[in-house]
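Step one of this worksheet: look at the structure below.
The values are calculated or read from the model by the stated rules, or taken from the named source; none is laboratory data. Everything numeric here is computed off the predicted structure, so don't read it as measured data. All Cβ positions, even for glycine, are placed from backbone atoms using ideal geometry, and neighbour counts span all protein chains on display.
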Amino acid sequence: MASYLEGSIEPEWFRKRLNLVLVWISIAFLLIGARLFWLQVIHGEKFRQLSLNNRIRLQRLAPSRGLIFDRNNTTIVDNRPAFNLKVVPGDAKSLDTLVEKLKNYVDIDEETSTKLKQGLRYTPFKPFTVASDIKRETVALIESNQYALPGTYISVEPKREYIYPGTASHVIGYLGEANTDFIKSRPKTPFRSGDYVGRAGIEKKYEDFLRGKYGGAQVEVNARGKVMKVLDKVQAEPGNNIVLTLDFEIQKYAMELLGEKTGAVVAMIPDTGEIICMASSPAFNENAFITGLSTEEWKKLANDPERPLQNKAIQGEYPPGSIYKMIPAVAGLEEDIVKPEDTFYCSGRYFYGDRFFKCWNEYGHGNINLKDSIIQSCDVYFYRLGNKLGIDKLADYARMFGMGKKTGIELDNEEEGLVPDSVWKRQRFNSPWQGGETLSVVIGQGYNLVTPLQMAVMTSALANGGEIVKPLLVKKIQSSKGKIIKKIEKEKIDILGIKEESLQLVRDAMRDVVNTPVGTAFSVRSNLVEISGKTGTAQVVSSKKYKESESKIKKWLPHAWFTAYAPSEEPVIAVTVLVEHGDHGSTAAAPIAKKIIEKYCMDKKND
């Protein structure tokens, strides 16, 4: 019996082992419990969302950007459907394998691969655009092999299309991808990296009106990320349409007339300030910015000596030459320094200080009055007039006509030009103004700098009776359904307050510049409409240097100007033409202005 009891009692070593096992079992359960607590309580919400994302997704729906029309409702900027290849990194079984497979269909660079890997780590279920605007043939291949490409899908989104690339690129502008700085600067708008936004021109200035509102769809997906069902959808709202003041037929014609020349054409309605055309040559293809420029293509554009990215109508600053002479003519009359009948003698040169200042006509014009000095563009008359006026009084009248300040047009990066005076020179060079410098300025040379748009505004003021009007590019903004959102009205900047007789003398002179045999623009008189205008030839180097050069280097040729309005009575259009290094305004710039005026006036007559 005793032996039996002794045998039934557990040995000490067995009890110790059993206790050890129980301890380990307890530790295991504690670890499992802690892990469950960590998963379900601490990070429960995160994993619930990940689980939900494996089944339900939110897709962003891009809106159609507003269209852009000309004043005659011609569509000049539209949208077209574009197929974009997108990847949801978290749906890919192996991201590296997927990328290698996709390279058989589209180009994927190292930067794109890196961003995909970053997306897998930080935003695994956020769609990432791998390739934009792919061909339909490529779409068909990807769709047919969808089973082997988990995590990929094709989205159809509206893509900007510039119907007449290069015709009005500096006015319309272009789109570019929103960068980090842009997104941070617009915290109240739902921009994301990869979104296209206006980067220049009207596209940039009216971004808030054009872009529309994003929509969204709640969709159910399978394990491969393929959409199985649309659960809910909020449609995107299209952007508002912009109606420009441009007459696109005139715009195209101006670009054709400029051809290979470098320069600008501005045409506007004198009474309202509406811009009929704003051409800058050479131009660029706006569509190239949508498809994406390579580094080499961008460098070629940016470093081109003809500056195709520059809107020469508002950013090009040039000496105005003789088209400036209307300003001292008005100043002389208004300040009672000269009377219409007063004459000065022109021998072909004017001695001042220790040098001769030459007239363009080396034989001289003889005794000549103010009106005839404008018609024949006599430099000596204006040398004498400028000497009497003085630089500061001349500068006052230049500013009155809008020189030396921005016109206020709805485009960025407009230049102010330069109106020199004695204060400016003291601040700029720390030296006093010299009388001989006034003689250069009074004929539109020297430190004088203007933009073609400023000269068009000045010409419009002469044509409309003395009003400086703000140039307008946008006529109205309307919804996609045609409702007027905003209508742009005429805006007066200033009224010159010039005496009618002073204004009329200058207007009569401009008419005779074109319509009398002694006028410098007689060669471009028109049988269709009476044109009033003024030629200008602005030197870029001294005439002596140019004449003495063995080969006439193009960059040393003078700039050619012509500014005009028509008809002479009751004008409906004002045109300013600049041709860089065109040599003579009467031969390079005036014929362009004549053809534009004739086309516009005849088109208007036939309407």
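Brief remarks follow.
- Per-region count, region 135-173, residues surrounded by fewer than 19 Cβ atoms within 10 Å (Cβ to Cβ), closer than 29 Å to I202 by Cβ and hydrophobic (A, V, I, L, M, F, W, C): 2
- Highlighted here are the helices (runs of 4 or more DSSP H) found entirely within region 113-208 that include at least 1 residues which are at pLDDT 90 or above: 136-144, 169-172, 201-205.
- Failed item in (1) within 19 Å of P571 (Cα to Cα); (2) in contact with a helix residue (DSSP H, G or I) (Cβ under 6 Å, 6 or more places away or on another chain), with T520 passing the rest: (1)
- Counting only residues that are in contact (Cβ under 8 Å) with a residue 60 or more places away in the chain and assigned to a helix (DSSP H, G or I), region 289-328 holds 11 of them.
- Selected residue (criterion: modelled with the lowest pLDDT) from residues of region 540-552 that are in a loop (DSSP other than H, G, I, E, B), surrounded by fewer than 12 Cβ atoms within 10 Å (Cβ to Cβ) and not acidic (D, E): S551
- Enumeration of residues in region 62-103 that are out of contact with any Ser or Thr (no Cβ under 7 Å at 6 or more places or on another chain) and in a strand (DSSP E or B): I68, T75, I76, V77, D78, R80, P81, F83
- Whichever residue in region 586-607 is over 29 Å from the mean Cα position of the chain (by Cα) and of a type outside the set (D, E) and, among such residues, is surrounded by the most Cβ atoms within 10 Å (Cβ to Cβ): S586
- Among the residues of region 571-600, the one identified as among the charged types (D, E, K, R) and free of Cβ contacts under 8 Å to residues at least 60 places away in the same chain is D583.
- Looking across region 436-454, the residues that are of a type outside the set (S, T, N, Q) and either part of a helix (DSSP H, G or I) or more than 22 Å from D494 (Cβ to Cβ) (or both) come down to G436, E437, L439, V441, V442, I443, G446, Y447, P452, L453.
- Screening L418 with (1) hydrophobic (A, V, I, L, M, F, W, C); (2) in contact with an Asp or Glu (Cβ under 9 Å, 6 or more places away or on another chain); (3) surrounded by 19 or more Cβ atoms within 10 Å (Cβ to Cβ) gives one miss only, at (3).
A quick yes/no check of all residues on (1) crowded, with 21+ Cβ neighbours inside 10 Å; (2) closer than 30 Å to S132 by Cβ:
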{"residue": "T189", "(1), (2)": "no, yes"}
{"residue": "D195", "(1), (2)": "no, yes"}
{"residue": "A217", "(1), (2)": "no, yes"}
{"residue": "Q235", "(1), (2)": "no, yes"}
{"residue": "A267", "(1), (2)": "yes, no"}
{"residue": "T272", "(1), (2)": "no, no"}
{"residue": "I275", "(1), (2)": "yes, no"}
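- Selection status of I493, touching a Phe, Trp or Tyr at 6+ places or on another chain (Cβ under 8 Å), in a strand (DSSP E or B) and not small (G, A, S): no
- Subset of region 468-485 that is at pLDDT below 95 and either among the charged types (D, E, K, R) or outside the structural domain of P270 (by TED's automatic domain parsing) (or both) - its residue that is surrounded by the fewest Cβ atoms within 10 Å (Cβ to Cβ): K481
- Any hit, region 383-404, residues being among the hydroxyl-bearing types (S, T, Y), farther than 23 Å from A574 by Cα, assigned by TED's automatic domain parsing to the domain that holds Y565 and surrounded by fewer than 19 Cβ atoms within 10 Å (Cβ to Cβ): no
- Within region 231-259, being under 21 Å from the mean Cα position of the chain (by Cα) and part of a loop (DSSP other than H, G, I, E, B) holds for G239, N240, T245, L246, D247, G259.
- Criterion (more than 30 Å from I250 (Cβ to Cβ), out of contact with any strand residue (DSSP E or B) (no Cβ under 8 Å at 6 or more places or on another chain) and surrounded by fewer than 20 Cβ atoms within 10 Å (Cβ to Cβ)) met by exactly one of K86, K101: K101
- Restricting region 133-188 to residues that are of a type in the set (S, T, Y) and free of Cβ contacts under 8 Å to residues at least 24 places away in the same chain leaves a set whose member that is farthest from L116 (Cα to Cα) is S185.
- Number of positions in region 104-130 that are closer than 22 Å to N287 by Cα and buried (at least 19 other Cβ atoms within 10 Å of the Cβ): 1
- Selection count, region 85-125, where residues are in contact (Cβ under 8 Å) with a residue 60 or more places away in the chain and over 17 Å from P150 (Cα atoms): 0
- One residue stands out among those in region 566-585 that are surrounded by 23 or more Cβ atoms within 10 Å (Cβ to Cβ) and either part of a helix (DSSP H, G or I) or of a type in the set (A, V, I, L, M) (or both): the one that is modelled with the lowest pLDDT, which is G585.
- Restricting region 336-391 to residues that are among the small types (G, A, S) and part of a loop (DSSP other than H, G, I, E, B), the residue that is nearest to the chain's Cα centre (by Cα) is S377.
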